[in-house]
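The values are calculated or read from the model by the stated rules, or taken from the named source; none is laboratory data. Keep in mind it's a predicted model, so treat the numbers as computed, not measured. We place every Cβ from the backbone using ideal geometry, glycine too, and count neighbours over all the protein chains shown. The area values use the complete protein model at the heavy-atom level, side chains included, leaving out ligands, DNA and RNA. Shrake-Rupley method; radii C 1.70, N 1.55, O 1.52, S 1.80 Å.
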Amino acid sequence: QVQLVESGGGLVQAGGSLRLSCAASGRIFSINVMGWCRQAPGKQRELVARISSGGSITYAGSAKGRFTISRDNAKNTVYLQMNSLKPEDTAVYYCNLVFLTVDYWGQGTQVTVSS
């Protein structure tokens, strides 16, 4: 059983910062991809950023230059440092882990950016 536990969401003013964390536990294949997606009300879930166990990183255009994804392979933990937050970043942020073609999801953490 794989579990993902997210933390770090909250309410912040525009221009502020938040750091999200996601710890994975259970039987996890060492070669994997961890990342973050988000879903705003009335919108589809979208990729924010992902990072492979080998360190390859992909950012959505909206995240480039403002967000930084990193991971600690020994702890099976992924982080998302979000700076210069905008009201349009408001969404539920979901942690994602993929290995052996299977997707696992966290329960989501709310990020609200006030103007």
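Are there cysteines in the chain with no second cysteine's Cβ under 4.7 Å away, and if so, which? Cys with no partner Cβ under 4.7 Å: Cys37. Value of Rg to Rh for segment 15-115, rounded to two decimals, is 0.96; Kirkwood radius and Rg both from alpha-carbon coordinates.
Candidate cross-link partners of Lys86 among the lysines, defined by an alpha-carbon separation under 24 Å and a same-chain spacing of 8 or more, comprise Lys43, Lys64.
Among the protein heavy atoms of the chain, carbon and sulfur supply 49% of the accessible surface, probe 1.4 Å, non-protein parts ignored.
The residues of segment 7-91 expose, per residue, 53 Å² of accessible area to a 1.4 Å probe. With a Förster radius of 25 Å, plug the Cβ-Cβ distance of Ala14 and Val98 into 1/(1 + (r/R0)^6) and report the FRET value to the nearest 0.05. Efficiency, rounded to the nearest 0.05: 0.20.
Segment 1-67 has equivalent-ellipsoid semi-axes of 23, 15, 13 Å, by the square roots of 5 times the alpha carbon gyration tensor eigenvalues, sorted largest first.
Mean separation of Cα pairs under 8 Å and 6 or more residues apart, divided by the residue count, gives segment 8-87 a relative contact order of 37 percent.
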